[in-house]
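To start, the structure under review is shown below, and the notes come after it.
The values are calculated or read from the model by the stated rules, or taken from the named source; none is laboratory data. Model, not experiment: these values are computed from the prediction. Counting neighbours? That spans all protein chains shown, and the Cβs are built from the backbone with ideal geometry, glycine included.
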Amino acid sequence: MTVHAGVHEKGTISLMDIISGVRGKASFHETGAMAMFVGVVRGETLEGEKVLKLRLEAYEEKANEVLREICDDLGRKPGIIDVQIHHLLGEFVVGEDLVYVLVVGSHRNEVFSVLQEAVERYKEEAPIFKKEYIVSSKGEKSAYWTSEKRVGLE
């Protein structure tokens, strides 16, 4: 059975596991819409550098707590039946899945705004850390934690 939300080592949970878990719930008969966000590894940074791979780590206990709190909070909105956020950890190459966010509701109108809010909130609130391994336009390889780059601590 799929947990409500949390961080998971890469390969231990899939999008199909999550969907099957939702479909198996007693409350699924109330569902009129499911909306999903699948975050994947992009092939280049915002600055145009080539991404070789990513490493994702988390303060797992706190990340699990924060992700559950976000899901519980958003799940109380009118018309929302279930909200799930599952973030993967480990090493990833371009094109691999990183995160699954699923919102289940009575009608399509309710799920889209909650899906966007869930994505924005987990990115802002959850202690999940991303290290990018890149190649510059000059062919130089480097790696940095994305929070380091934002504050100029490369």
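So here's what we get for this one:
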{"item": "Single unsatisfied condition, residue 11 versus (1) farther than 22 Å from residue 124 by Cβ; (2) in contact with a Cys (Cβ under 9 Å, 6 or more places away or on another chain)", "result": "(2)"}
{"item": "Identity of the residue in region 15-41, assigned to a loop (DSSP other than H, G, I, E, B) and touching a helix residue (DSSP H, G or I) at 6+ places or on another chain (Cβ under 9 Å), that ends up nearest to residue 62 (Cα to Cα)", "result": "31"}
{"item": "Residue list for region 108-127, restricted to those being within 19 Å of residue 56 (Cα to Cα) and of a type in the set (D, E, K, R)", "result": "120, 121, 123, 124, 125"}
{"item": "Only one of 55, 76 that is surrounded by 15 or more Cβ atoms within 10 Å (Cβ to Cβ) and on the phi < 0 side of the Ramachandran plot", "result": "55"}
{"item": "Those residues of region 113-138 which are exposed (fewer than 15 other Cβ atoms within 10 Å of the Cβ), more than 21 Å from residue 66 (Cα to Cα) and either among the aliphatic types (A, V, I, L, M) or touching a residue at least 12 places away in the same chain (Cβ under 8 Å) (or both), in sequence order", "result": "135, 136, 137"}
{"item": "Residue within region 143-152 that is buried (at least 20 other Cβ atoms within 10 Å of the Cβ), within 23 Å of residue 61 (Cα to Cα) and touching a strand residue (DSSP E or B) at 6+ places or on another chain (Cβ under 9 Å) present", "result": "no"}
{"item": "Candidates 66, 38, 22, filtered to the one that is among the β-branched types (Val, Ile, Thr), more than 30 Å from residue 138 (Cα to Cα) and exposed (fewer than 15 other Cβ atoms within 10 Å of the Cβ)", "result": "38"}
{"item": "Filtered residue count, region 51-91, keeping only those that are among the basic types (Lys, Arg), in contact (Cβ under 8 Å) with a residue 24 or more places away in the chain and either more than 20 Å from residue 147 (Cα to Cα) or in a loop (DSSP other than H, G, I, E, B) (or both)", "result": "2"}
{"item": "Residue in region 43-60 that is in contact with a helix residue (DSSP H, G or I) (Cβ under 8 Å, 6 or more places away or on another chain) and at pLDDT 95 or above present", "result": "no"}
{"item": "For residue 44: the one exception among (1) in contact with a strand residue (DSSP E or B) (Cβ under 7 Å, 6 or more places away or on another chain); (2) touching a residue at least 24 places away in the same chain (Cβ under 8 Å); (3) among the charged types (D, E, K, R)", "result": "(2)"}
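The rows are residues; the columns are (1) closer than 17 Å to residue 52 by Cα; (2) under 21 Å from the mean Cα position of the chain (by Cα); (3) at pLDDT 95 or above.
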site: 103; (1), (2), (3): no, yes, yes
site: 110; (1), (2), (3): no, yes, no
site: 116; (1), (2), (3): no, yes, yes
site: 122; (1), (2), (3): no, yes, yes
site: 128; (1), (2), (3): no, yes, yes
site: 139; (1), (2), (3): yes, no, no
site: 146; (1), (2), (3): yes, yes, no
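One line per residue, one yes/no per condition, for (1) more than 29 Å from residue 28 (Cα to Cα); (2) of a type in the set (D, E, K, R):
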| site | (1), (2) |
| --- | --- |
| 67 | no, no |
| 72 | no, yes |
| 82 | no, yes |
| 86 | no, no |
| 92 | yes, no |
| 105 | no, no |
| 113 | no, no |
| 142 | yes, no |
| 146 | yes, no |
